[in-house]
Amino acid sequence: MTYARRIDLRSDTVTQPDETMRVAMSSAQVGDDVLDHDPTMRRLEEETAARLGMDAALWVPSGTMGNVIAMVIHLRRGDRFLAPRAAHVLEAELGSSAWLAGGMPQPLEWTVGPGRINPEDVRAYATQSSPYYALTTRLLCLENTHNFAGGTVTPPDEHARLVSAAREAGLLVHLDGARLWNASVALGVPPAALTVGVDTVQVCLSKGLGAPVGSVVAGSRSFVKEARRVRKMLGGGVRQGGVLAAAGLLALERIDDLAADHANAALLAEGLAGLGWEVGRPETNIVIAAVPDVASTLTALERVGVLATAVPGGVRFVTHRDAPELDVAEALRRISAAQSPAPAA
Ligand SMILES: *Cc1c(COP(=O)(O)O)cnc(C)c1O
């Protein structure tokens, strides 16, 4: 059986700007953001900072740039930074924290649950009594939700304990909140409840919300002033950015819609489990299934027009607004049909 239409569950980054968003973009009020700030950019930055409970914010073209700007400002060359094992900053940003910010990464094990680390380990690395030639630990980089652990959520009390441990040990804290919106919706708490005590946070507008481009990095006013300089240094200053910020503003209004993605992930996981797959219960919009042969599973899925990606030992499906419940149900039907033996002629 071949299917004309593909159901793309590789990532929530495949969500596209719809007609409403394109209209908002085309009619955006613009200025020159490199010269003296674009008015729509300014509005997006102020609104995002307010939602995050931070003093100020800066639009950046990507989450990777938001993270590296924070790292460049927080770290001095050779400083150690701590992050949960398989954090995006460790695995999927081409080592920019080392290449550009000079950081020495120290992954922390997931002792609390998938993607979740423990304040004791933060303390242990931050306060190792050591000779003068030992590393200086400067920064804790958190990730909520944790992408490669399967979109797992760190709740506010656990977040607060990690931040206190870091603070007491004199560390700075950056939060990679590419999918902080998902954590907030899954927990039913405002995003600002998940940023308490951090120095800086990065959030994506281009994941699951339909914006074609854009992230925001937030912190103190003095951080953002410096971040604007580093963004320009990295080539991330844009001129009539209002066209892009207008998409971001609309994305912010759609955060509550992420609940539907979470429900669809649960549906997909239950369906796959019913078909005999080994799959964990998703906490947000990411479903990871353990499979014996990742490459052949992906090929078999692709043959029925269902796109997923590889993770170590498994395949990853990400639900999103452009693959609604009907698509998820259809994906399950196709997978089921492909698994069952062909009916006798
Ligand atoms: C996607 C992602 C990023 C990077 O965002 P880009 O816009 O792709 O550069 C950073 N951290 C996490 C956890 C992500 O999922």
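The values are calculated or read from the model by the stated rules, or taken from the named source; none is laboratory data. The structure displayed is predicted, hence computed values, not measured ones. With ideal geometry, Cβ positions are generated from the backbone for all residues, glycine too; neighbour counts draw on all protein chains shown. Please note that ligands, DNA and RNA were not included when accessible areas were found on the heavy atoms of the full protein model with its side chains. Shrake-Rupley method; radii C 1.70, N 1.55, O 1.52, S 1.80 Å.
A few remarks follow.
- Options Ala28, Ala70; residue that is modelled with pLDDT of 95 or more, more than 16 Å from the ligand (Cβ to nearest atom) and in the same structural domain as Val203 (by TED's automatic domain parsing): Ala28
- Residue check, Arg316 of a type in the set (Lys, Arg), in a strand (DSSP E or B), outside the structural domain of Leu187 (by TED's automatic domain parsing) and modelled with pLDDT of 95 or more: yes
- Among residues of segment 226-241 that are touching a residue at least 60 places away in the same chain (Cβ under 8 Å), those with a Cβ under 6 angstrom from a residue that is open to solvent by 60 Å² or more (accessible area, probe 1.4 Å) and of a type in the set (A, V, I, L, M, F, W, C), sequence gap 6+ or separate chain, pair up as Gln240/Val30.
- Search result, residues across segment 102-125 that are touching a Gly at 6+ places or on another chain (Cβ under 7 Å) and open to solvent by less than 50 Å² (accessible area, probe 1.4 Å): Gly102
- Checking each residue in segment 139-157 for being open to solvent by 60 Å² or more (accessible area, probe 1.4 Å) and away from the ligand (no atom under 11 Å from the Cβ) picks out only Asp157.
- Matching residues, segment 41-62, being away from the ligand (no atom under 16 Å from the Cβ) and either basic (Lys, Arg) or part of a loop (DSSP other than H, G, I, E, B) (or both): Arg42, Arg43, Arg51, Gly53, Met54, Asp55
- Where a residue in segment 188-200 is more than 28 Å from Ala263 (Cβ to Cβ) and its partner, wherever it lies, is among the basic types (Lys, Arg) and open to solvent by 20 Å² or more (accessible area, probe 1.4 Å), with Cβ under 8 Å and at least six apart: Gly197/Arg167
- When Leu90, Leu94 are checked against the criterion of being more than 16 Å from Asp199 (Cβ to Cβ), within 15 Å of the ligand (Cβ to nearest atom), in the same structural domain as Leu162 (by TED's automatic domain parsing) and part of a loop (DSSP other than H, G, I, E, B), a single residue qualifies: Leu94.
- Qualifying positions in segment 1-21 - surrounded by fewer than 16 Cβ atoms within 10 Å (Cβ to Cβ) and away from the ligand (no atom under 13 Å from the Cβ): Met1, Thr2, Tyr3, Ala4, Arg5, Arg6, Gln16, Asp18, Glu19, Thr20
- Top-ranked residue in segment 172-205 [being away from the ligand (no atom under 15 Å from the Cβ) and assigned to a strand (DSSP E or B); ranked as least open to solvent (accessible area, probe 1.4 Å)]: Val173
- Number of the condition not met by Arg239 [criteria: (1) buried (at least 17 other Cβ atoms within 10 Å of the Cβ); (2) touching a strand residue (DSSP E or B) at 6+ places or on another chain (Cβ under 9 Å); (3) not hydrophobic (A, V, I, L, M, F, W, C)]: (1)
- Positions within segment 22-50 being open to solvent by 20 Å² or more (accessible area, probe 1.4 Å) and polar (S, T, N, Q), in sequence order: Ser26, Ser27, Gln29
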